[in-house]
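Down below is the structure, laid out as structure tokens.
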Amino acid sequence: MDSETWEQVKEAIDEGQELSFDYKGDEWWISRVQADDSFLLTRSSDSDTQYFKTAEDLYQHGVIDGKAFIDRVPEL
């Protein structure tokens, strides 16, 4: 994913849009929980879900295949 696309994705996440993407054959979802304004990173295959208080926490501390989400962005 290039930097321009990443900025568009971040904006969509901040707006509360639910997004899906594939990584190495696995489908992943980013969702916003409106009740407490938190964020979820979920792998569809086994419903493994990570919870974050902010989108920035998700970017920095979410883990995909052993690596921080933000470090995986170029591969998405």
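All of the numbers you see were taken from the coordinates with simple rules; none came from a lab. Computed from a predicted model, the values in this text were never measured in an experiment. Note that each Cβ is placed from the backbone with ideal geometry, even for glycine, and that neighbours are counted across all protein chains shown.
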So what's the net charge close to MET1: Lys and Arg +1, Asp and Glu -1, counting the other residues with Cβ under 13 Å from its Cβ? -4
With the charge dipole of the chain built from beta-carbon charges (+1 for Lys and Arg, -1 for Asp and Glu) about the Cα centre, the Cα from ILE13, SER3, ALA35 projecting farthest to the positive end belongs to ALA35
So which lysines can LYS24 reach, going by Cα to Cα under 23 Å and dropping same-chain residues fewer than 8 places off? LYS10, LYS67
Counted charge near ARG72, where neighbours are those whose Cβ lies closer than 12 Å (Asp, Glu -1; Lys, Arg +1): -3
Local charge sum around HIS61 (other residues, Cβ-Cβ under 12 Å, Lys/Arg +1, Asp/Glu -1)? -1
Cα-centred dipole magnitude for the chain, charges only on beta-carbon of K, R (+1) and D, E (-1), debye, nearest 20: 220 debye
Nitroxide proxy distance, nm - points 7 Å out along Cα→Cβ at ASP22 and SER38: 3.1 nm
If you average the sequence gap of Cα pairs under 8 Å that are 6 or more apart and divide by the length of the chain, what percent do you get for the contact order? 23 percent
Give me the percent of Cα-Cα pairs in the stretch 3-75 that sit more than 19 Å apart, rounded to a whole number. 26 percent
